[in-house]
Amino acid sequence: MPLWGNTDTAAQSAIYAPQQLKVAANAANRNALFGNVTADAFVENATVGQYGVDATEIESTRFDKENRPAHTGWVLRTEGTGGRAGRVQHEVLVALHVGGDAENTAFQQTAVNVTTQPSDAAANAVNNDVMAFTVGATEFPASNAGSATFQWQFMNTTPDWENCPASAPYADVTTDTLSVDANGVVENASVRCVVSLVGADDENSVAAYADLYPDIVWDTHPSDASGSASGDEIVAFTVNATAEGETFTYLWQVQNGASWDDLTDAGAYSNTTTEELSVLANTASDGEVYRAQANVTGTVIVSASNTATLTVTA
């Protein structure tokens, strides 16, 4: 680690473990919290503990000329190596009142941090769509990796968080990914995850919201149609859909084997994002199959119409 300098610049300041309470000792946190970009500014492998000085230790110091024990409080204990092997140094970081017969206790700093926050999810309210909310956590020190536990909570109409029950509409409520059946949750319900680690304070994720959208209803499906290959006959395919309280866009597609290709306003096709697709019969191929997609604006809710076939006559 760097030596102390004679100025108060961050690069000349050591960063001890107690300053890293609930924050992992890594470069990103070092720079963000302390403005210290010195690569080796951390004290590594240090033992930080709370040491109690009892009456016997005080008496030994005064009358038996024993070495003075570590001061009560948060103390950094450093053991020398190499030419300083056997040398033990105690540096008081936070002094506390002498606690009587308190036992000497060394504490290893333990923390858990939410590193991946859950995102809002959207789903269809009537198709039993399942929404997934995911959280990620990092434990500190590294020996605790994988030891965090998870408990998802929900909030509906009251301002209180409640643990999600392990029953519908919730599943996997004690894992890092919560599953929610859209058919059983209320609109704009919020969820969050409480991440726990033994010896550390719980960490709450941010709240994520369940956005529910009604089913898209196709009032009019396209019908098969035919057109002549001679002349410039235009064949029309028409649809109409509704989704209560929502806006959406149309996109026409043409079947390509087992898949569907999006159409654009080019060649034989025009009005490919409207209710009525126009196809120039003498440019399109006989037997082409079309369908329309409706996409609720701002979501991933998509529904497809029935199909219709173009017949091109001579």
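Regarding residue 215, is this residue in contact with an Asp or Glu (Cβ under 9 Å, 6 or more places away or on another chain), surrounded by 13 or more Cβ atoms within 10 Å (Cβ to Cβ) and assigned to a loop (DSSP other than H, G, I, E, B)? Yes: the conditions hold for residue 215. Hey, among 288, 276, 233, 246, which residue is under 36 Å from the mean Cα position of the chain (by Cα) and among the acidic types (Asp, Glu)? After ruling out the rest, the residue left standing is 246. Of the residues that make up the range 109-122, is at least one in contact with a Cys (Cβ under 7 Å, 6 or more places away or on another chain), modelled with pLDDT of 70 or more and surrounded by 14 or more Cβ atoms within 10 Å (Cβ to Cβ)? Looking through the range 109-122, at least one residue is in contact with a Cys (Cβ under 7 Å, 6 or more places away or on another chain), modelled with pLDDT of 70 or more and surrounded by 14 or more Cβ atoms within 10 Å (Cβ to Cβ). In the condition set (1) in contact with a strand residue (DSSP E or B) (Cβ under 8 Å, 6 or more places away or on another chain); (2) at pLDDT below 95, residue 288 is compliant with all but (2). A count restricted to the range 187-210 and to residues that are in contact with an Asp or Glu (Cβ under 9 Å, 6 or more places away or on another chain), crowded, with 19+ Cβ neighbours inside 10 Å and under 20 Å from residue 132 (Cβ atoms) stands at 4. For the range 138-147, a tally of residues being touching a strand residue (DSSP E or B) at 6+ places or on another chain (Cβ under 9 Å) and loosely packed, with under 15 Cβ neighbours inside 10 Å returns 3. Restricting the first member to the range 141-161 and to residues that are on the phi < 0 side of the Ramachandran plot and of a type outside the set (D, E, K, R), and the second to residues that are in a strand (DSSP E or B) and exposed (fewer than 12 other Cβ atoms within 10 Å of the Cβ), the beta-carbon pairs closer than 7 Å and six or more apart or on different chains are 153/162; 154/162. Restricted to the range 181-205, and to residues there that are part of a loop (DSSP other than H, G, I, E, B) and out of contact with any strand residue (DSSP E or B) (no Cβ under 7 Å at 6 or more places or on another chain), the residue that is farthest from residue 137 (Cα to Cα) is 186.
Conditions (1) modelled with pLDDT under 95; (2) hydroxyl-bearing (Ser, Thr, Tyr); (3) out of contact with any Cys (no Cβ under 9 Å at 6 or more places or on another chain), marked per residue:
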residue: 280; (1), (2), (3): no, no, yes
residue: 283; (1), (2), (3): no, yes, yes
residue: 299; (1), (2), (3): yes, yes, yes
residue: 306; (1), (2), (3): no, no, yes
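Scanning for something loosely packed, with under 13 Cβ neighbours inside 10 Å, modelled with pLDDT of 80 or more and assigned to a strand (DSSP E or B), does the range 148-164 turn up at least one residue? Scanning the range 148-164, I find at least one residue that is loosely packed, with under 13 Cβ neighbours inside 10 Å, modelled with pLDDT of 80 or more and assigned to a strand (DSSP E or B), so the answer is yes.
With respect to the stated conditions, residue 135 fails to be surrounded by fewer than 16 Cβ atoms within 10 Å (Cβ to Cβ), β-branched (Val, Ile, Thr), within 22 Å of residue 188 (Cβ to Cβ) and at pLDDT 75 or above. Being under 18 Å from the mean Cα position of the chain (by Cα) and not aliphatic (A, V, I, L, M) is the filter here; which residues of the range 133-146 pass it? Within the range 133-146, 133, 134, 136, 138, 139, 146 meet the criteria.
In the range 219-280, counting only strands (runs of 3 or more DSSP E) that sit wholly within it, the ones holding 2 or more residues that are free of Cβ contacts under 8 Å to residues at least 40 places away in the same chain and out of contact with any Ser or Thr (no Cβ under 7 Å at 6 or more places or on another chain) span 248-256, 259-262. When the range 162-181 is filtered for residues that are touching a residue at least 24 places away in the same chain (Cβ under 8 Å) and either among the aromatic types (Phe, Trp, Tyr) or over 12 Å from residue 133 (Cβ atoms) (or both), the ones remaining, listed by number, are 174, 181.
The values are calculated or read from the model by the stated rules, or taken from the named source; none is laboratory data. As the structure is a computational prediction, the values presented were derived from the model and not from experiment. Don't worry about glycine lacking a Cβ; one is built from the backbone with ideal geometry, like all the others, and counts go over all protein chains shown.
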